[in-house]
Amino acid sequence: MKGFVEVVMRWWQLPDQFHSFSRYLEDRGFLTSCRALVGGTALWMGLVLLSARFSDVGPQGTFWRAVNLMVIVLCVGAALIWWLFPPTPLWSYTFVVGSDVAIAAAAATDSEPMGRLIACVVFASIGGYIAFFHNPKLQVGHLVFASIVTVLSGWTLLFGPAADVGLGLAKIAVVMATIIVIPVVSQMVLAVLGSDATTSDIDPLTGLLNRRGLSRRVKDLMGPPVTEADAVLVVVIDLDRFKTINDVYGHDVGDSTILRTALRIRLWTTKAALTARVGGDEFVVVERVPVSVIARLEGQIRSAMDGATDDPPTSASIGMAVRTAPRHPGESVDEAFAELFRVADTVMYEAKREGGNQVRASLV
């Protein structure tokens, strides 16, 4: 029971997933396919409603046929937006709310309670969408609305002229289970897996990014155009004689040294910087800065990384690579970062070969 409560709490605290899941899809080349699928589903629902217009038990009367036509138009419009325009959080929220209203309207146009209940099953697909792209608060709001619509759709089975309470309760229960259990369980599982995925990007000792986490996030930071006022800075930091510290003082002292180094790096980096531990005693910082502050930043780094008063004393060899020019045609972000990292790593080793405890910089 305790484990279940923990899972529920992790689910409830799950933040909105739109940006992170969209980036996940984009990184793996699936975002376009996802947009095509969601848009295709919206169009398919429009075609289903169109076919209902030609059924004897479909929308009856001028008003309900007008509502049916309006929902068809909304479905086609949603499909076109998904296909033609990059999705945004505002559009995604609008899509969820609009879909819920459209499903309720579509259910209301059906002249038979069983048909209305079948229409309510579509709420499950919206719940599934929320499970991947949004947060539990929106999911709960969606489920409350969907549950109310479902009960109202089957109301005549319970209390109508030809009421069949047993059948009504059974059919409503099946639809409710479909629209509630599947999305909620999916989102809870995603909450657990998402937490594990996030943890797999983090170095457990320092709380900084690891090599995998840095690789996944560097595209966002390096994506905007590069100028002298917004240059890309890559800093590679390697502790001097760290193996000796481990061998002489033990791994506990070595871990403390790594933690102190991570804290010192945080002293001169901004919140927007990507800071990673990519090896035993090697750290990487990627940041956007104006070229005019590089000289001053070099002094800040030198001062912050000074571990002469530590016990045991520590020092670091530091290489900096700065890029002020935009990427060449056909040059990817990964290629640009790899080149900057190579240059920073090279000048870092130059500093180490000359005795360490130095900062070297190079303009790319």
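The values are calculated or read from the model by the stated rules, or taken from the named source; none is laboratory data. A quick note: this is a predicted structure, and the numbers were derived from the prediction, not measured. So basically every Cβ, Gly included, is an ideal-geometry build from the backbone, and we count neighbours across all protein chains shown. The area values use the complete protein model at the heavy-atom level, side chains included, leaving out ligands, DNA and RNA. Shrake-Rupley method; radii C 1.70, N 1.55, O 1.52, S 1.80 Å.
Calculate one ³J(HN,Hα) per residue across the stretch 239-249 by plugging θ = phi - 60° into the Karplus curve 6.51 cos²θ - 1.76 cosθ + 1.60, and present them in order as whole Hz with x for glycine and proline.
My calculation for the stretch 239-249 gives 5, 7, 6, 5, 4, 5, 4, 4, 5, 7, 9 Hz in order.
To make sure I understand the rule: partners must be aspartates and glutamates, Cα under 20 Å from the Cα of Lys219, and not fewer than 8 residues away in the same chain. Which ones qualify?
Glu26, Asp27, Asp201, Asp203, Glu228, Asp230, Glu287, Glu331, Asp334, Glu335, Glu339, Asp345
Of Lys352, Lys271, Lys137, which is the most mobile in a GNM of the chain whose springs link Cα atoms less than 10 angstrom apart?
Result: Lys271 has the largest fluctuation of those listed.
Based on the Cβ-Cβ distance from Thr94 to Val57, what FRET efficiency comes out when R0 is 35 Å, to the nearest 0.05? Each step should come with its number before you reach the end.
Numbers: r = 31 Å, r/R0 = 0.90.
Working from the Cβ atoms, E equals 0.65.
Is the C-alpha gyration tensor of the stretch 31-142 telling us rounded, prolate or oblate? Criteria: a/c under 1.5 is rounded; beyond that, a/b larger than b/c is prolate, otherwise oblate. Can you show the working numbers first?
On the way: a/c = 2.29, a/b = 1.58, b/c = 1.45.
Verdict is prolate for the stretch 31-142.
What is the sum of charges, Lys and Arg at +1 and Asp and Glu at -1, for the other residues whose Cβ falls under 15 Å from the Cβ of Trp64?
On the way: positive: Arg53, Arg65, Arg116; negative: Asp56, Asp110, Glu112.
Charge balance in the 15 Å sphere: 0.
Which one, Leu90, Leu209, Leu158, has the greatest fluctuation when you compute a Gaussian network model over the chain with C-alpha springs under 10 angstrom?
In the Gaussian network model the winner is Leu90.
Would you mind working out the magnitude of the charge dipole of the chain relative to its Cα centre, with +1 at each Lys and Arg C-beta and -1 at each Asp and Glu C-beta, to the nearest 20 Debye? Intermediate results must be reported in sequence, preceding the final value.
Numbers: 31 positive and 34 negative charges, 118 e Å.
My answer is approximately 560 debye.
Would you work out which of Asn210, Leu259, Pro225 lies farthest towards the positive end of the dipole of the stretch 210-266? Charges go on Cβ: Lys and Arg +1, Asp and Glu -1.
It is Asn210.
For Asp240, which sequence-distant residues (separation of 5 or more, or a different chain) have an amide H within less than 5 Å of its own amide H, given hydrogens modelled in the peptide plane?
It is Ser315, Ala316, Ser317, by chain and number.
How much of the DSSP beta bridge set in the chain is antiparallel, as a percent to the nearest 5? Don't jump to the answer; show the numbers that get you there.
Values: 23 of 29 bridges.
The answer is about 80 percent antiparallel.
Asp201 to Lys137: extension gain in nm, 0.36 nm per residue of separation minus the Cα-Cα distance?
Details: separation 64, 0.36 × 64 = 23.04 nm, distance 2.61 nm.
Taking 0.36 nm per residue and subtracting the Cα distance, the gain is 20.4 nm.
Taking the Cα atoms only, what angle lies between the long axis of helix 211-222 and the longest principal axis of the chain, rounded to 10 degrees?
Once rounded, one gets 80 degrees.
Please name whichever of Cys120, Trp91, Trp11 sits farthest to the positive end of the charge dipole of the stretch 1-137, dipole taken about the Cα centre and charges placed at Cβ: Lys and Arg +1, Asp and Glu -1.
Toward the positive end, the furthest listed residue is Trp11.
Counting only the heavy atoms of the protein chains, how much of Thr156 is accessible to a 1.4 Å probe, in Å² to the nearest 10?
Counting only protein heavy atoms, the figure is 60 Å².
For the chain, build the charge dipole from Cβ charges (+1 Lys, Arg; -1 Asp, Glu) around the Cα centre, then report which of Val359, Leu157, Ala131 sits farthest towards its positive end.
Towards the positive end, the residue furthest out is Leu157.
Restricting to DSSP H runs of at least four residues, report the calculated mean residue ellipticity at 222 nm for the chain, -39500 (n - 2.57) per run over all residues, nearest 500 deg cm²/dmol.
Numbers: 15 runs with 235 residues, N = 364.
-21500 deg cm²/dmol, from helical runs alone.
I'd like the distance separating the alpha-carbon centroids of the stretch 233-260 and the stretch 99-173, in whole Å.
60
To make sure I understand the rule: partners must be lysines, Cα under 16 Å from the Cα of Lys243, and not fewer than 8 residues away in the same chain. Which ones qualify?
In chain and number order, the partners are Lys352.
I'd like the Karplus ³J(HN,Hα) series for the stretch 349-354: coefficients 6.51, -1.76, 1.60, θ = phi - 60°, whole numbers in Hz, and an x wherever there's a Gly or Pro.
Once θ is set to phi - 60°, the couplings for the stretch 349-354 become 5, 4, 4, 5, 5, 8 Hz.
How large is the charge dipole for the stretch 62-209, taken about the Cα centre, if only the Cβ atoms of Lys, Arg (+1) and Asp, Glu (-1) carry charge, to the nearest 20 debye?
Values: 4 positive and 7 negative charges, 77 e Å.
So the magnitude is around 380 debye.
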